[in-house]
Amino acid sequence: IMDWRVMTERDLARMDALTRIAQEEYWEDTAIFAACFRLYPAGCHVVDAGAGELGGYLIAHPGRLDTPSVLHVPLERLPEPADCYYLHDLALAPVTRGHGLAGAAVEIVVADARRAGLDTLALIAVGDAHDFWRHQGFAEIGDGRVDPAKGYGDEARAMIRRI
């Protein structure tokens, strides 16, 4: 049975192929995820797909609503003081979709945020994921528009969920 587990250092080397498939135009270099893992390993989780392949990854960490991540720029430090738990990236391989893993990932993020003493989740929804995130209880911050300098497309929307 497929399920989320805590990421290890060895998993980082297996992320590149998955991010290119799952994230299409929004894929980020593994160095971005390595920086998150180094700064906050408790927020990094993966799903094994078998045959040594990753079936998904979840990257999250304490953050600030006024300083969302910049696409393709690794974190040098966690934003302080944290006022939200930032869901940096969630990706599933085609073989692992449809098994409830995305919803389970959101439950993990809620639990991790509570352990970190934070009551707000934040993310930037890209591509066609907006409806999924709304279904998970997220709503746009204002009109949701994201500063183009952050590197996301015109359809990207900043979203939050109170927990």
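Return an integer: the convex hull volume of the alpha-carbon atoms of the range 91-140, in Å³ per residue.
On the way: hull volume 4.4 nm³, N = 50.
Roughly 88 Å³ of hull volume per residue.
If we sort 96-102, 40-46, 116-122 on the protection proxy, mean other Cβ atoms within 10 Å, highest first, what's the order?
Per-residue mean Cβ counts within 10 Å order the peptides as 40-46, 116-122, 96-102.
Can you give me the Kirkwood hydrodynamic radius for the range 71-110, using every pair of distinct Cα atoms, in Å to one decimal?
When all Cα pairs of the range 71-110 are included, the Kirkwood radius is 12.5 Å.
Considering all projection directions equally, how large on average is the shadow of the alpha-carbon convex hull of the chain, in square nanometres? Don't jump to the answer; show the numbers that get you there.
Details: hull surface 34.8 nm².
Result: a mean projected hull area of 8.7 nm².
Express the accessible area of the chain per residue in Å², computed with a 1.4 Å probe while the remaining protein chains stay in the model.
51 Å²
Largest first and in whole Å, give the semi-axes of the range 116-163's equivalent ellipsoid, each being the square root of 5 times a Cα gyration tensor eigenvalue. It would help to have the intermediate numbers written out before the result.
Numbers: eigenvalues 72, 33, 14 Å².
Sorted largest first and rounded, they come to 19, 13, 8 Å.
Round to the nearest 10 and give me the degree value, 0 to 90, for the angle of helix 101-115's Cα axis relative to the longest principal axis of the chain.
Here the helix axis deviates by roughly 60 degrees.
With both partners inside the chain, how many of the DSSP beta bridges are antiparallel, as a percent to the nearest 5?
Among the beta bridges of the chain, antiparallel pairing accounts for roughly 95 percent.
What 222 nm value per residue comes from the helices of the chain, counting each DSSP H run with n ≥ 4 as -39,500 (n - 2.57) and dividing by all residues, nearest 500 deg cm²/dmol?
Values: 5 runs with 44 residues, N = 163.
So the calculated ellipticity at 222 nm is -7500 deg cm²/dmol.
Do any trypsin sites (Lys or Arg not before Pro) in the range 107-163 lie in a loop, going by DSSP, with at most 13 other beta-carbon atoms within 10 Å of their beta carbon, and if so which?
Within the range 107-163, no trypsin sites (Lys or Arg not before Pro) qualify (loop, at most 13 other Cβ atoms within 10 Å).
Once neighbouring chains are kept in place and the probe is 1.4 Å, which whole percent of the accessible area of the chain is contributed by carbon and sulfur?
Here it works out to 53 percent.
Taking Cα pairs under 8 Å and at least six residues apart, what relative contact order does the range 31-74 come out at, in percent?
40 percent.
So how strong a dipole does the chain carry about its Cα centre when Lys and Arg Cβ are +1 and Asp and Glu Cβ are -1, to the nearest 20 debye? Numbers along the way, then the final one.
On the way: 16 positive and 25 negative charges, 86 e Å.
It comes to approximately 420 debye.
The values are calculated or read from the model by the stated rules, or taken from the named source; none is laboratory data. Since the structure is predicted, the reported quantities are computational estimates derived from the model, not experimental observations. A quick note on method: Cβ atoms are made from the backbone with ideal geometry, for glycine too, and the neighbour counts reach across all protein chains shown. Quick note on the areas: whole protein, heavy atoms, side chains included, nothing else; ligands and nucleic acids left out. Shrake-Rupley method; radii C 1.70, N 1.55, O 1.52, S 1.80 Å.
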